[in-house]
Amino acid sequence: MPDRHNEYELDESGLMNIVSKYEDMIQNHTLVYFDTDDLLDIIEFYTQTLQTQKARNAIEFALYLHPDHVDFIIYKIRYLYDDDQKKEAYQLLDQIKHYQSNEVKFLIAELCLNEGKSQEAFEIFEEISIMEDDPMEIWMDITLCYIDKGDKDAYIWIQKMMNKGYTLDNSQEFRDIWCEYHSAFDMYEEIVPALKKSLDENPYSITHWNALTRCYLYLELIELAFDAVEYSLAIDDKNLEAMDLKAKCHLMSENFEEAFRIYQSLLSQCKPFQRGNALMNLANTCYFSQDYTSCINYCNQTIQESTVLQKNARLLKACAYMELDDKQNFFECMKESISYHKHEIKKEPKLTQMLNTLMINYSKRYNEPVFEKLIELWNL
């Protein structure tokens, strides 16, 4: 399951030079021309590394230079929709509907999925794929679209690939999409054979050794996870993702000291956009080792470094305050989490479960009417 959102594994051949050139322009308040391909690379880089605001700023800059470019308009429609500015998103969509390109049709189908219009979305996706001589690539994009929405109907498109003759034995692309689907829905047992087949064909693939490690960790097969990550590190002992995974192996083995040491090393080596993730890992390690004061400190640093991880850091900080029996700060953290991140948290079942558990534990422990204020905020 090569991780599409893995911030430690980036194709840096020329990309970072383009990003650096763009960031220098921003920092120096100058104006530099970028062609559309470079701008698409910049936007995709920020999107994949979860630097959401930078991605949106880059989209606006791209539209300033190339106001009629459909790809940039599509990016903007997506972020307007994600920001719950649906009226503005659909108004912008009306301006490009006449293009009738597959990209525009794909976006319309995607929005139909978001609105619960499953049949309409399916029909548009089907129309797009029929137009392709070899529909494998578009089927993969469609499958990923369903996966990103948490929709198990993604398997319909995997079935189409299988009907076309793609199998785990004959196609790396099929193996990758198979792993994406099953990892998204926590079916890790189904992933191991596909990863092993990939490694039989390419035993020096760090991507797949790391994926196998991650899979074993989810299955709580810690010794196998250690074995797999050691293969990654034997191939490249500087691979940051492998180092991160080895730290996770130690964390799950309750070897907190070694996990902390590796995460500190990662913090010193990582790029600025990776600092939030490294700090969050240190916060988690401190929490599990019952060093709650340090956990809170790293959570605060995470909140400063990463807008994407603020919701996670605030919830973990609330957990730490509860363990310290500091009910005033616990309540403030919970209030901030709900006030700032309610809509984000509700989109992530695991975070929703974590918040609900915290509120239940709070009510049991303190039995105070202030708990009702949290419930009221959550249900608004």
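The values are calculated or read from the model by the stated rules, or taken from the named source; none is laboratory data. The model shown is predicted, which means the values in this text are computed figures rather than measured ones. Note that each Cβ is placed from the backbone with ideal geometry, even for glycine, and that neighbours are counted across all protein chains shown.
Per-residue answers, yes or no, for (1) charged (D, E, K, R); (2) closer than 19 Å to Tyr292 by Cβ; (3) modelled with pLDDT under 70; (4) loosely packed, with under 13 Cβ neighbours inside 10 Å:
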site	(1), (2), (3), (4)
Cys333	no, yes, no, no
Ile338	no, no, no, no
Glu348	yes, no, no, no
Arg365	yes, yes, no, no
Glu368	yes, no, yes, yes
Phe371	no, no, yes, no
Glu376	yes, no, yes, yes
Checking Asn297 against (1) in contact (Cβ under 8 Å) with a residue 24 or more places away in the chain; (2) part of a helix (DSSP H, G or I); (3) not hydrophobic (A, V, I, L, M, F, W, C), the condition it does not meet
(1)
Within the stretch 94-124, the residues that are under 22 Å from His341 (Cα atoms) and outside any helix (DSSP H, G or I) are Glu115
Name the single residue, out of those in the stretch 125-136 being out of contact with any helix residue (DSSP H, G or I) (no Cβ under 8 Å at 6 or more places or on another chain) and assigned to a helix (DSSP H, G or I), that is farthest from Val104 (Cα to Cα).
Ile130
Considering Ala259, Ala242, Ala247, which residue is at pLDDT 95 or above, surrounded by 21 or more Cβ atoms within 10 Å (Cβ to Cβ) and under 18 Å from the mean Cα position of the chain (by Cα)?
Ala242
Go through the stretch 164-183 residue by residue and tally those that are within 12 Å of Trp139 (Cα to Cα) and surrounded by fewer than 19 Cβ atoms within 10 Å (Cβ to Cβ).
2
Taking interchain pairs and intrachain pairs at least six residues apart, which have beta carbon atoms under 9 angstrom, with the first residue in the stretch 76-100 and in contact (Cβ under 8 Å) with a residue 24 or more places away in the chain and closer than 17 Å to Ala62 by Cβ and the second in a helix (DSSP H, G or I) and among the polar types (S, T, N, Q)?
Tyr79/Thr52
Can you tell me which residue within the stretch 262-294, out of those that are surrounded by 15 or more Cβ atoms within 10 Å (Cβ to Cβ) and of a type in the set (Ser, Thr, Tyr), is nearest to Ala242 (Cα to Cα)?
Tyr263
Restricting to the stretch 194-205, name every residue that is touching a helix residue (DSSP H, G or I) at 6+ places or on another chain (Cβ under 9 Å), in a helix (DSSP H, G or I) and surrounded by fewer than 20 Cβ atoms within 10 Å (Cβ to Cβ).
Lys196, Lys197, Leu199, Glu201
Is there a residue being in contact with a helix residue (DSSP H, G or I) (Cβ under 8 Å, 6 or more places away or on another chain) and farther than 21 Å from Ala55 by Cα anywhere in the stretch 74-93?
no
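Going by the conditions given, is Lys311 crowded, with 16+ Cβ neighbours inside 10 Å, at negative phi and in contact with a His (Cβ under 9 Å, 6 or more places away or on another chain)?
Yes: the conditions hold for Lys311.
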I'd like to know if the stretch 75-93 contains one or more residues that are part of a helix (DSSP H, G or I), more than 25 Å from the chain's Cα centre (by Cα) and crowded, with 18+ Cβ neighbours inside 10 Å.
yes
Here the residues within the stretch 24-47 that are under 24 Å from the mean Cα position of the chain (by Cα) and surrounded by 15 or more Cβ atoms within 10 Å (Cβ to Cβ) are Asp38, Leu39, Leu40, Asp41, Ile42, Ile43, Phe45, Tyr46, Thr47
Limited to the stretch 273-315, what total is found for residues that are in contact with a Cys (Cβ under 6 Å, 6 or more places away or on another chain) and more than 22 Å from Thr52 (Cα to Cα)?
5
